[in-house]
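The values are calculated or read from the model by the stated rules, or taken from the named source; none is laboratory data. For clarity, every value in this text was computed on a predicted model and none was experimentally measured. Neighbour counts are summed over all protein chains in view; Cβ atoms, including those assigned to glycine, are modelled from backbone coordinates with ideal geometry.
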Amino acid sequence: MELSTTTKVRAKKAGWSDELIERLETSRATNQQVENLARGALSEGKVSGWLDFLENHPDNPFGSAPFNIFKTPAETGLKAVPGPDGLRLRDINIGSYGVVPDQWDLPNDAPRGTESTGQIMAAGYSIFDKAEVWSENAVDLYEDAIKDRWIPATELDWENGLTDLPEELERAGGQICTIYSNNGLVEQKIIGRWLEEISYGFHEVKLFLATQAFDAGRKVEVLRKRALINGGGLGQAPLGQIYRGWYQGLTFTDMLIALNVVYKSYEVALFESASEWAQTDVERDIFALIAKDSRRHLEYGLGHLDWYARYKPDAERRLNIQFLRAEAALVQEMRLSTTEREALIVLMAGGVENLQAGVDQLKTLRQRQYDAYTENLASINFDRPTVHPGLIGQIKDPLEGGIVAVRAVSQN
């Protein structure tokens, strides 16, 4: 077998002697095998050892292995350097591996930095545009989520952190846990629905969204445990008006505006205020932990919104429509979900003896939530010329919508 000129050049570049090249040509090795071994820059001693294997084991089927492991278009020779927090995803995004294309052109599960061989089986992805999903902070938020993971079963003081509460406070706390546990179930479902649509070229986003789905599941777990451990039980299911905003999004960005920007701004502000109205140490710890989780989701939503607005023409004018729809769903939930409002007022008042104090604190909370929301948008210079007036209405009158749910009653 005579080696091709290209293969001989590769062999010489790998430092192989003329004697080794001559021995290769008189062996049963194929040109493809030799070319691939030369690509791998194996030492002359290793190649000689391989030739000994061929001569001593002529019937071994692995003697015909083509060594395609050395035939790769990927960049080699790079060495990632761990940072002070260990080897993070950002540390390995070096050289060509750190380049995320604006358009991903592979429909299968091939990871970024590899090349598909043979026939390609499409994986069913529908999102190939970087601007539709990207956020510069996704790579770090994923690592933060992994680092900050916590275990509800063992990291909360279930035995000593709870006290017997008056019936109305226990029921009110259980009601809040029921509502936001339910929200976590729906959040997990909708994130999972979009996760499978995002192509593999944007794996940092897919990894982060997987942590959000897990965070949502953990929120379900911990709030359900709190509702059931102290005798109060679960409350009424939430109204679910807010879910319309999450599901009505026709694109991933539309969904993210409703869930990770509008809703999460309000959710984070609520959970972070829990130190003022939570009744036990366990509850304060729970809401502090899930507030930290939800803030990561919010930061990804804002980061994506910033990226999208910069790289999509006329984005702000189009997205303002989706913002109004998402805000409208949130307003409807606050106006019509009387059980949540009632539970918050009882908790904030510390009982049923002075409910006006709870109403006043709810008004303060609505102002805090609104301010947090608008400040979040301002932090990325996203202009909202018209915010849904119902958000202001909830500040002026937190009981807007009525004390009890109104139902149409047929007259016989």
Legend entry - Count of residues meeting criterion [in contact (Cβ under 8 Å) with a residue 24 or more places away in the chain, among the hydrophobic types (A, V, I, L, M, F, W, C) and outside any loop (DSSP other than H, G, I, E, B)] in region 357-381: 5
Legend entry - Evaluation of Pro58 against (1) at positive phi; (2) exposed (fewer than 12 other Cβ atoms within 10 Å of the Cβ) (one fails), failing number: (1)
Legend entry - Condition check for Gly401: outside the structural domain of Arg171 (by TED's automatic domain parsing) and surrounded by 16 or more Cβ atoms within 10 Å (Cβ to Cβ): yes
Legend entry - Unmet requirement for Ala65, which otherwise passes all of (1) closer than 18 Å to Thr76 by Cβ; (2) loosely packed, with under 15 Cβ neighbours inside 10 Å; (3) in contact (Cβ under 8 Å) with a residue 12 or more places away in the chain: (1)
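Table: residues versus (1) more than 29 Å from Gln236 (Cβ to Cβ); (2) among the polar types (S, T, N, Q); (3) more than 25 Å from the chain's Cα centre (by Cα); (4) not in a helix (DSSP H, G or I).
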site: Arg317; (1), (2), (3), (4): yes, no, yes, no
site: Leu324; (1), (2), (3), (4): no, no, no, no
site: Leu344; (1), (2), (3), (4): no, no, yes, no
site: Gly390; (1), (2), (3), (4): no, no, yes, no
site: Ile403; (1), (2), (3), (4): no, no, yes, yes
Inset, instruction - Filter region 167-182 for residues that are more than 15 Å from Ile345 (Cα to Cα) and either over 33 Å from the mean Cα position of the chain (by Cα) or among the polar types (S, T, N, Q) (or both) and give the result. - result: Thr178, Ser181, Asn182
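Look at Lys363 and say whether it is surrounded by fewer than 19 Cβ atoms within 10 Å (Cβ to Cβ), among the charged types (D, E, K, R) and within 30 Å of Val100 (Cβ to Cβ).
For Lys363, the condition - surrounded by fewer than 19 Cβ atoms within 10 Å (Cβ to Cβ), among the charged types (D, E, K, R) and within 30 Å of Val100 (Cβ to Cβ) - is not met.
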Inset, instruction - Scan region 271-287 for residues that are touching a helix residue (DSSP H, G or I) at 6+ places or on another chain (Cβ under 7 Å), assigned to a helix (DSSP H, G or I) and not hydroxyl-bearing (Ser, Thr, Tyr) and jot them down. - result: Phe271, Glu272, Ala274, Trp277, Val282, Glu283, Arg284, Ile286, Phe287
Inset, instruction - Mind telling me which of the residues Lys71, Lys13 ends up being in contact with a helix residue (DSSP H, G or I) (Cβ under 6 Å, 6 or more places away or on another chain) and either within 30 Å of Lys312 (Cβ to Cβ) or of a type in the set (D, E, K, R) (or both)? - result: Lys71
Legend entry - Matching helices (runs of 4 or more DSSP H) fully within region 60-169 where at least 2 residues are modelled with pLDDT of 90 or more and of a type in the set (D, E, K, R): 89-92, 138-147
Inset, instruction - Please list, ordered by first then second residue, the pairs with beta carbon atoms under 7 Å, 6 or more apart or interchain, first in region 4-16 and under 16 Å from Thr30 (Cβ atoms), second of a type in the set (D, E, K, R) and surrounded by fewer than 20 Cβ atoms within 10 Å (Cβ to Cβ). - result: Arg10/Arg39
Legend entry - Filtered residues of region 180-193 (kept if surrounded by fewer than 20 Cβ atoms within 10 Å (Cβ to Cβ) and closer than 30 Å to Tyr97 by Cβ): Gly192, Arg193
Inset, instruction - Mind telling me which of the residues Gly83, Gly63, Gly40 ends up being of a type in the set (Gly, Ala, Ser) and touching an Asp or Glu at 6+ places or on another chain (Cβ under 7 Å)? - result: Gly83
Legend entry - Number of the exception - Ala38 against (1) assigned to a helix (DSSP H, G or I); (2) modelled with pLDDT under 95; (3) small (Gly, Ala, Ser); (4) within 30 Å of Tyr308 (Cβ to Cβ): (4)
Legend entry - Neighbours by Cβ (under 6 Å, 6+ apart or cross-chain): first from region 246-273, closer than 21 Å to Ser199 by Cβ and modelled with pLDDT of 95 or more; second crowded, with 20+ Cβ neighbours inside 10 Å and of a type in the set (Ser, Thr, Tyr): Thr253/Tyr308
